[in-house]
1. Among (1) under 28 Å from the mean Cα position of the chain (by Cα); (2) exposed (fewer than 14 other Cβ atoms within 10 Å of the Cβ), there is one condition residue 208 misses while meeting the rest; what is its number?
2. Say whether the condition of being over 26 Å from residue 177 (Cα atoms) and among the polar types (S, T, N, Q) is met by at least one residue in the range 253-276.
3. Among the candidates 166, 238, 229, which residue alone is modelled with pLDDT of 95 or more and within 21 Å of residue 295 (Cβ to Cβ)?
4. Any residue that is touching a helix residue (DSSP H, G or I) at 6+ places or on another chain (Cβ under 6 Å) and of a type outside the set (A, V, I, L, M) - is there at least one of those in the range 259-271?
5. Is it the case, given these coordinates, that residue 33 is under 26 Å from residue 121 (Cβ atoms), in contact with a His (Cβ under 8 Å, 6 or more places away or on another chain) and buried (at least 16 other Cβ atoms within 10 Å of the Cβ)?
6. How many residues does the range 149-180 contain that are farther than 15 Å from residue 227 by Cβ and either touching a Ser or Thr at 6+ places or on another chain (Cβ under 8 Å) or crowded, with 24+ Cβ neighbours inside 10 Å (or both)?
7. Would you point out which residue out of 282, 273 is modelled with pLDDT of 95 or more, under 18 Å from residue 294 (Cα atoms) and touching a strand residue (DSSP E or B) at 6+ places or on another chain (Cβ under 7 Å)?
8. Can you tell me which residue among 177, 157 is modelled with pLDDT of 95 or more, within 25 Å of the chain's Cα centre (by Cα), of a type in the set (Phe, Trp, Tyr) and not assigned by TED's automatic domain parsing to the domain that holds residue 299?
Amino acid sequence: MDKRYDLIILGSGPAGLAAGIYAERAKLDTLVIEKEYVSGGQVVNTYEVDNYPGLPGINGFDMGMKFREHADGLGVKFAVDRVCRVEVLREAEVPADEGGDAAGRPVYQVVCENETYAAKSLIIATGAVHRRLGVPGEEELAGMGVSYCATCDGAFFRNKDVAVVGGGDVAIEDAIFLARACRRVYVIHRRDELRGAKSLQEKLLSLPNVEMLWSTVVEKIEGDSQVSGLTIRNVKTGEVSQLPLQGVFIAVGITPNSRIFEGLVEMDHGYIAADETGRTSAPGIFAAGDVRTKALRQIVTAVADGANAVTSAERYLEG
């Protein structure tokens, strides 16, 4: 059989890169598999990061490059490939002298489009993606007034007018958070009632600078180099109108990149079930970053996840 690594890390966002750095420092024979030629994950598409300690106002692409430079400086090995599936090879299939585990632990075979890799342990750090509205102007103005993270970008819109699109808990929490600093917050929801927790709804509806736009959808995000407003439509009357503002926060859901791991590890609403140690239901498989169950999905928590997952992997490999 071909070479087996101590650890394979799937994904090269902040969680995967942090895990690679910690694994290399731990002297684990490690490979990071990334699907893009540029490391950093979603952060590279972020115009500015203002809440990462010690690096206020850094460009997201520059932050991703700094993480990658750190990993390269330590000698972390990378492979650009797209993971198709993970297969489990049991002890009987892999003798101990050929990379198997005398204690009966599995070896994981990572089948990718170009190559197949194997390791004694895995860290899944494939992240998650924010659902898009799919309207004109959304992609073009991403990072220039279009945001998917109020806690990340809200500070840039102090004393400005913004909109939150969505009607669930996240949208309501985002609107409450933004109302503390923004001049006016419009909440745009396609239905005539919110879906979030009643306690959150009561708090939101009590805020004087929040205006609800019920039964309304966004048709287009306006602006050239910066968001200048929205074209909105009332789904009941069909009336189309313009809403001038400086920012729009889209909170219509997050989709974890976890589908190919279904049946391999336990899931929780699509997220990989794992606590802060990163341990999953499968021996030797750990999860880090936005793909795992957690309350706060931020760069700083992803980095912490990567470190914790490697520590757990070390303990697992030591037996």
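The values are calculated or read from the model by the stated rules, or taken from the named source; none is laboratory data. Quick caveat: nothing in here was measured; it's all calculated off a predicted structure. Note that each Cβ is placed from the backbone with ideal geometry, even for glycine, and that neighbours are counted across all protein chains shown.
1. (1)
2. Checked against the condition, which is being over 26 Å from residue 177 (Cα atoms) and among the polar types (S, T, N, Q), the range 253-276 yields at least one hit.
3. On the way: 238 fails: within 21 Å of residue 295 (Cβ to Cβ); 229 fails: within 21 Å of residue 295 (Cβ to Cβ).
Residue meeting the stated conditions: 166.
4. In the first step, residues of the range 259-271 are kept if they are touching a helix residue (DSSP H, G or I) at 6+ places or on another chain (Cβ under 6 Å); the result is none.
Scanning the range 259-271, I find no residue that is touching a helix residue (DSSP H, G or I) at 6+ places or on another chain (Cβ under 6 Å) and of a type outside the set (A, V, I, L, M), so the answer is no.
5. Details: under 26 Å from residue 121 (Cβ atoms): yes; in contact with a His (Cβ under 8 Å, 6 or more places away or on another chain): no; buried (at least 16 other Cβ atoms within 10 Å of the Cβ): yes.
So residue 33 fails the test.
6. Total meeting the criteria: 7.
7. Working: 282 fails: under 18 Å from residue 294 (Cα atoms).
273 is the lone residue from the list that is modelled with pLDDT of 95 or more, under 18 Å from residue 294 (Cα atoms) and touching a strand residue (DSSP E or B) at 6+ places or on another chain (Cβ under 7 Å).
8. Details: 177 fails: modelled with pLDDT of 95 or more.
Answer to the check: 157.
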